[in-house]
Amino acid sequence: LEVVEDRYNRQELIEGWDQERLGSARVAIIGAGQLANYTAVALTALGVGSIEIYDNSKLNGEHEFLLFKCKEGESKARGLETMLREINPSAHVKGMNLSLERNPTISILGQPDVIIDTTNSPDSKRAVLDYAHYGFIPVVSVSTDTTSGQIYVLHPFERTKLGKLENYSGKTQGSAIS
């Protein structure tokens, strides 16, 4: 029995897989709610090189997937950063406790390879879509409530309001009660 020390060995067996390219990628995740939790854990496990999480909300006692060790009142973005580093210690993860709904603030994103907006905020989505359009950055805009969701992928030269997914404005993300 041969023990393989390479964390990404199994996925590297997939024909055409480029772990080096994935390892050099930079992803900005907007939001730190349930949807961002699941998105970030998958990207971390895959070995995405740099993950930045932007959100200004605090943990408010709700049970969230990766934030079970965090204390009430703690920054969700920073709590998520801590948990993702436990999952993959070699991951470059940064949780930023700030809102990107105002255009001057959003420039902190710089030039990521992709932006994933997991919020249900039309204002956040509008700011992200405008910034990405002028910076030629692909965006994955996702919104959910407890029973449904939508995803919209925008390519760098596409200009549309559809990615705002306004029908989820104000809705709570999370698992359906079973």
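Just so you know, all these numbers are worked out from the coordinates, no wet-lab data involved. Computed from a prediction, not measured in an experiment: that's the story for all the values here. When we count neighbours, we look across all protein chains shown, and the Cβ atoms used for this are built from the backbone with ideal geometry, even at glycine.
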Self-check item: Packing-based order for 92-100, 29-37, using average beta carbon neighbours within 10 Å, highest first
Solution: 29-37, 92-100
Practice problem: Give me the number: length gained by fully extending Arg126 to Leu98, i.e. 0.36 nm times residue separation minus the C-alpha to C-alpha distance, one decimal in nm. | Solution: 8.4 nm
Quiz item: Rounded to the nearest 0.05, what FRET efficiency is calculated for Glu15 and Phe136 with R0 set to 22 Å and r the Cβ-Cβ distance?
Solution: 0.15
